[in-house]
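Notes follow the structure.
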Amino acid sequence: MREFTVKEKIPLLEFLFQEMRDSKKTRVKQLLQFRGISVNGEIRTQFNHPLMPGDKVMIRTEKDARLRPVPEFGVRVIFEDDY
């Protein structure tokens with residue numbers, strides 16, 4: 001996971017293009033579309049989301065997604081007690 005701190009007021013997509021110069025624009029847009037970008041801990045898919053100085057932008061890579069454990073049988077346990 002890569003994390004960046006915003007230094008100036010800028011739209012999210014423009015910021016991503018600046019920070020991910022080594023990636024194709026299509027790849028950057030896919031990260032937005034498939035929920036790979038979060039701003040201040042909240043997932044964002046809107047390309048024109050306004051960023052403010054001090055905002056934290058996190059980019060989840062494909063490698064990060066593969067490392068996340070997959071729930072058994074597609075069920076996520078929300079609460080569990082002794083019974």
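Where a number appears in this text, it was derived from the coordinates with a stated rule and is not lab data. From a predicted model like this one, the values you see are computed outputs, not experimental measurements. Note that we place each Cβ from the backbone using ideal geometry, even for glycine, and neighbour counts take in every protein chain shown.
A few notes on this one:
- Efficiency of FRET from Cβ geometry, residue 1 and residue 26, R₀ 22 Å, rounded to 0.05: 0.60
- Between residue 9 and residue 77, the FRET efficiency from the beta-carbon distance, with R0 = 30 Å, is close to 0.15.
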